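> Questions regarding the structure given below will be posed in turn.
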Amino acid sequence: MKFSGIVAAMALAASAGATLAQENGGAPLPAVTVAKVVKQTITDTVTFNGRLDADQSIQLVARVSGFLEEVRFEPGDKVAQGDVLFSIEDTQYIAAVQQAEGSRLAAEATVTDARIERDRQAELVRRQTAAQTALDSAEAALGRAQGALQQSQAALNIAKLNLDYTRVRAPFDGTIGERSVDPGALVAPQVGALATLTKLDPIHVNFPVPTAELRRTQQMIATGKLDINNAVRIVLANGEEYGAGGKLDFIGSFVNPGTDSVTLRATFDNPDGKLLHDELVRVHMAADTAAEVLTVPLGGVQRDLIGSYVMVVDDQDVVSKRRVDVLHQTRGLAVIDKGLNEGERIVTEGINKVSEGGKVDAAEAAQSDSEAKDG
């Protein structure tokens, strides 16, 4: 009995295939996948590629030359502003400070001596027992002495500054990376970076947005449909969505002519340092409220020089070309404004096999993940 059932099923399939072949002039009908136009309530979401950018990231460079004595961190440490990260041998810089202090003391003594002489000559001129030229010379000598004192003070300031530079400090709170030199190495400004310090909290994401989407985004902001303080979400490389939302805080002022896009930036709190500098992420911008719209799978929408179109399959499995207006795309769906009605079927796979007015062997696609999620 089982064998007889199998034979009967095979005969029925063969008969159906023969019928389809006859309707198509002897050739099998092209097999395509179709999906229905669905009305569903979804949150208006657009997705872009973005890259994370640290709030601050600098290369630490030695500002004086000398032998590196000590490294005071381990790679990956959290450091605070002002922490000493590297110590450079400071013996010669201490001596330079002492020498400059001695020069300043000598210059101060010279100024004192010159002022006394100027005052003496002034008294003699007042008594009319000395010529005015003597007083003038004394005034000039005092000026020279004061100038020398200023020079010695400047030299002392430079010596103290160079001594301070023997301690390479963190200019801001952040995470320190690998060091590029070891203790005992000779370092100098021309040696290059000793290590990189990065501030990851907060962190930014930069993402290019096509100008058409930018205009729509600006309109949503103006009408209150998009809250810039919590408008942006990011998805990491492993598919995990970062918990906190980001604030949209920058819109570029020029269009990239190569991509017809504008760069936007959002800022995220990153207290645990989970988000990393230069990491590639997916960026979602979502409206605050959901709306009921007509949707079709994005793969069913084609474009030509005139605009967007779909291939519609009617109840007799006959194909026709239909022009449509696509409002935007969201999560693998095209939101349709005009051209389709709820319940109509469009070709989503096998479009290259069909032609307008031809018949197809249509199989309906399973509900997509996007529809299941947003519907």
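The values are calculated or read from the model by the stated rules, or taken from the named source; none is laboratory data. No experiment lies behind these values; they were computed from the predicted model shown. Reconstructed Cβ throughout: ideal geometry from the backbone, glycine too, with neighbour counts over all protein chains shown. Heavy atoms of the whole protein, side chains included, go into the accessibility calculation; ligands, DNA and RNA do not. Shrake-Rupley method; radii C 1.70, N 1.55, O 1.52, S 1.80 Å.
> Assuming Asp201 fulfils every condition listed in (1) within 30 Å of His328 (Cβ to Cβ); (2) open to solvent by 50 Å² or more (accessible area, probe 1.4 Å); (3) in contact with a strand residue (DSSP E or B) (Cβ under 8 Å, 6 or more places away or on another chain) apart from one, which condition is it?
(1)
> I want to confirm something. Restricting to the range 21-33 and keeping residues that are of a type in the set (A, V, I, L, M) and buried (at least 17 other Cβ atoms within 10 Å of the Cβ), which single residue is modelled with the lowest pLDDT?
Within the range 21-33, the match that is modelled with the lowest pLDDT is Leu29.
> Still on this structure, please answer the following. Show the residue pairs meeting these rules: Cβ distance below 8 Å; 6+ apart or different chains; first residue within the range 346-375 and among the charged types (D, E, K, R); second residue at pLDDT below 90 and not in a strand (DSSP E or B).
Glu349/Ala365; Lys359/Glu23; Lys359/Asn24; Asp361/Leu20; Asp361/Pro28; Asp369/Gly332; Lys373/Arg331; Asp374/Arg331
> Let me ask another. Please work out which residue is nearest to Leu194 (Cα to Cα), limiting yourself to the range 34-82 and to residues that are in contact with a His (Cβ under 8 Å, 6 or more places away or on another chain) and open to solvent by 50 Å² or more (accessible area, probe 1.4 Å).
Selected residue: Ser57.
> Here's something else I'd like to know. Restricting the first residue to the range 142-159 and requiring it to be farther than 15 Å from Gln98 by Cα and assigned to a helix (DSSP H, G or I), which pairs with a second residue that is open to solvent by less than 50 Å² (accessible area, probe 1.4 Å) and among the aliphatic types (A, V, I, L, M) meet a Cβ separation below 6 Å and a spacing of at least six or different chains?
Once the first residue is farther than 15 Å from Gln98 by Cα and assigned to a helix (DSSP H, G or I) and sits in the range 142-159, its partners that are open to solvent by less than 50 Å² (accessible area, probe 1.4 Å) and among the aliphatic types (A, V, I, L, M) give Leu142/Ala114; Ala145/Val111; Ala145/Ala114; Gln146/Val111; Ala148/Ala107; Leu149/Ala107; Leu149/Val111.
> With the condition being farther than 17 Å from Asp83 by Cβ and at pLDDT 90 or above, I'd like the strands (runs of 3 or more DSSP E) fully within the range 166-243 carrying at least 1 qualifying residues.
Strands (runs of 3 or more DSSP E) meeting the threshold: 193-210, 232-235.
> Now for a separate question. Which pairs do you get when a residue that is more than 13 Å from Phe48 (Cβ to Cβ) and among the acidic types (Asp, Glu), found in the range 256-268, comes within reach of a residue that is open to solvent by less than 70 Å² (accessible area, probe 1.4 Å) and outside any strand (DSSP E or B), reach meaning Cβ atoms under 9 angstrom, with the pair 6+ apart or on two chains?
Asp260/Thr211
> Mind listing just one residue for me: the one in the range 48-85 that is part of a strand (DSSP E or B) and in contact with a Leu (Cβ under 6 Å, 6 or more places away or on another chain) and, of those, farthest from Leu214 (Cα to Cα)?
Ranking the candidates gives Phe67 first.
> Would you mention how many residues in the range 303-326 are under 22 Å from Leu29 (Cα atoms) and either in contact with a strand residue (DSSP E or B) (Cβ under 8 Å, 6 or more places away or on another chain) or not charged (D, E, K, R) (or both)?
So the count comes out to 12.
> A further question follows. Would you check which residues across the range 172-198 are out of contact with any Ser or Thr (no Cβ under 7 Å at 6 or more places or on another chain), within 28 Å of Gly252 (Cβ to Cβ) and surrounded by fewer than 20 Cβ atoms within 10 Å (Cβ to Cβ) and list them?
Phe172
> Restricting to the range 83-102, name every residue that is loosely packed, with under 15 Cβ neighbours inside 10 Å, under 19 Å from Val191 (Cβ atoms) and touching a helix residue (DSSP H, G or I) at 6+ places or on another chain (Cβ under 7 Å).
none
> Let me ask you something else. Is it fair to say Asn157 is open to solvent by 40 Å² or more (accessible area, probe 1.4 Å), at pLDDT 95 or above and touching a Lys or Arg at 6+ places or on another chain (Cβ under 9 Å)?
no
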